[in-house]
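The values are calculated or read from the model by the stated rules, or taken from the named source; none is laboratory data. From a predicted model like this one, the values you see are computed outputs, not experimental measurements. Heads up, the Cβs are rebuilt from the backbone with ideal geometry, glycines too, and the neighbour counts pull from every protein chain shown.
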């Protein structure tokens, strides 16, 4: 939580964002995470053009082979190139991570902002609902949704997004509530600015920090959730593939062909690593209270 | 304290009602009945089956009769295991899952607190970086990856420990407990480090130092109690999350616990079983959250006063 009064003290001419960027640049782990993420995103976007082999390309006679010059990460039991599979799987995993987080972000920010801004009874009722939903067993709920409505990608986005927005709503509401009572917002009111301008110029920019931090930390938990569901066989369905599903296959044959488990595992763990480090770095950078000592 | 607990328990009632209602509606809005998977059942048989499970009644009637049964603690019969009630199935899995969860939590608390406290004693030194990097790895390594890797190394290559099963070979509980506990150990390490750092900068710790107390006494007697408050607050949700974790671990190690039952019920579309387990899990989670809140109040004198002030 950012104490809001600290936003105002920009007398030296560096804004919160400039400060944050300077702090973030000093955090080597966060920078490594950021670079790795950019690299992964570019790879995923370009997969259809740069993947070394075709996605469905099989070579049943060859079967599973360990890493070699032709197949850097080896091949699976159908002779499919693992690097290619991991790249395509990464597309799905990252896409689920980003889209489901975006769904959670949209619901959470709007819900929290409305509750915080309107206040009073509406706020109390809206937050009571959040409390109730918090008490629900999420994991079970998602499994239930997947079982009842079949396993498709769109539903997966929705289901994950629908349970991940709660914390976001709480964070945004808290921010908005405390902002509403600040002098500079009152000043804007007395200047006769419209509600919309106040929201856009003062409320939104000041809630952005915590929202960004929480978003970076939501993406890995969403990706983990997708991988978890796919691992149980309740998430992504073949012929589509994701890292969770690849790990699931890898486990089945890990005694004979351990690389089928290890490489998708490394891909998933590295991505989660990168996102968590970036999120931690952003939290340190965007929270004015933590001046690096 | 008693008033607080009672108030929270009363609050739990509407939450549980929402859980039951939502799950019931979801399950009943699922396309295809529970018996539609069976091939070509004669119409009379289907009718008899539906009558046996009250499926021929209007939905609202089914809902209220289910609600009445649940209030009396009866979750109804299982669809897929004829002749066995959901209660029996839950009970038979519960012991195993509870045991697994307990071991995992012991692993998590023991390793996590030691790592976190060690790190907090010399912040930003190697003594801090090593356990905290390990904790980060623990957080980023999902249990469905860690478990198989542990099996691969300790079960298959070194052959030190059994690769699966529960209560059959001595030592078969070690790998599941570690697999389930590691992620929590990592969180607890981070939380206890943060909590300890905050406490160690307080005046009363300086006083203790000024009195010339040994570092061991300062940490053990004065700092731990305050420093572990975040950990205690985490334990309730952690136990709840443990249930989710047990899905994976029980599947990997083929442990006949609740988590595996639930996943199987989900695959088999055993609706009464799904419904029953969901309600059961929700109740457990609410209870755990209540317990951890009460523990937090008991540990933290500031909160204790607040509760007294409010009640």
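A few notes on this one:
- Helices (runs of 4 or more DSSP H) completely within segment A:73-183 that count 3 or more residues being more than 14 Å from chain B (Cβ to nearest Cβ) and surrounded by fewer than 17 Cβ atoms within 10 Å (Cβ to Cβ): A:82-118, A:120-134, A:153-180
- Apart from one condition, residue B:60 fits all of (1) in a helix (DSSP H, G or I); (2) at pLDDT below 80; (3) more than 14 Å from chain A (Cβ to nearest Cβ); (4) surrounded by 13 or more Cβ atoms within 10 Å (Cβ to Cβ); the exception is (4).
- Verdict on residue A:39 being free of Cβ contacts under 8 Å to residues at least 24 places away in the same chain and closer than 25 Å to residue B:140 by Cα: yes
- Selection count where residues are within 18 Å of the chain's Cα centre (by Cα) and surrounded by fewer than 18 Cβ atoms within 10 Å (Cβ to Cβ), scope segment B:186-237: 1
- Looking only at residues in segment A:203-218 that are over 12 Å from residue A:282 (Cβ atoms) and buried (at least 20 other Cβ atoms within 10 Å of the Cβ), the one that is nearest to the other protein chains (Cβ to nearest Cβ) is A:218.
- Where residue B:190 falls short, out of the listed (1) in a helix (DSSP H, G or I); (2) modelled with pLDDT under 85: (2)
- Residue match in segment A:40-48 (condition: in a loop (DSSP other than H, G, I, E, B) and touching a helix residue (DSSP H, G or I) at 6+ places or on another chain (Cβ under 7 Å)): no
- Exclusive hit being modelled with pLDDT of 75 or more, within 27 Å of residue A:163 (Cβ to Cβ) and more than 14 Å from every other protein chain (Cβ to nearest Cβ), set B:13, B:70: B:70
- Hits in segment B:23-45 (condition: crowded, with 17+ Cβ neighbours inside 10 Å and either at pLDDT 75 or above or over 32 Å from the mean Cα position of the chain (by Cα) (or both)): B:23, B:24, B:26, B:27
- Residue within segment B:172-185 that is part of a loop (DSSP other than H, G, I, E, B) and within 19 Å of the chain's Cα centre (by Cα) present: yes
A quick yes/no check of all residues on (1) within 18 Å of the chain's Cα centre (by Cα); (2) surrounded by fewer than 17 Cβ atoms within 10 Å (Cβ to Cβ); (3) more than 14 Å from chain A (Cβ to nearest Cβ):
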site: B:91; (1), (2), (3): yes, yes, yes
site: B:95; (1), (2), (3): yes, yes, yes
site: B:120; (1), (2), (3): no, no, yes
site: B:132; (1), (2), (3): no, no, no
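- Residue match in segment A:47-58 (condition: over 23 Å from the mean Cα position of the chain (by Cα), surrounded by 14 or more Cβ atoms within 10 Å (Cβ to Cβ), in contact (Cβ under 8 Å) with a residue 12 or more places away in the chain and within 17 Å of residue A:92 (Cβ to Cβ)): yes
- Boolean, residue A:252 is without any contact (Cβ under 8 Å) to a residue 60 or more places away in the chain and out of contact with any helix residue (DSSP H, G or I) (no Cβ under 7 Å at 6 or more places or on another chain): yes
- Only one entry of B:165, B:116 meets the criterion of being in a loop (DSSP other than H, G, I, E, B) and either buried (at least 21 other Cβ atoms within 10 Å of the Cβ) or under 24 Å from the mean Cα position of the chain (by Cα) (or both), and that entry is B:165.
- Any hit, segment A:205-228, residues being more than 17 Å from residue B:147 (Cα to Cα) and assigned to a loop (DSSP other than H, G, I, E, B): no
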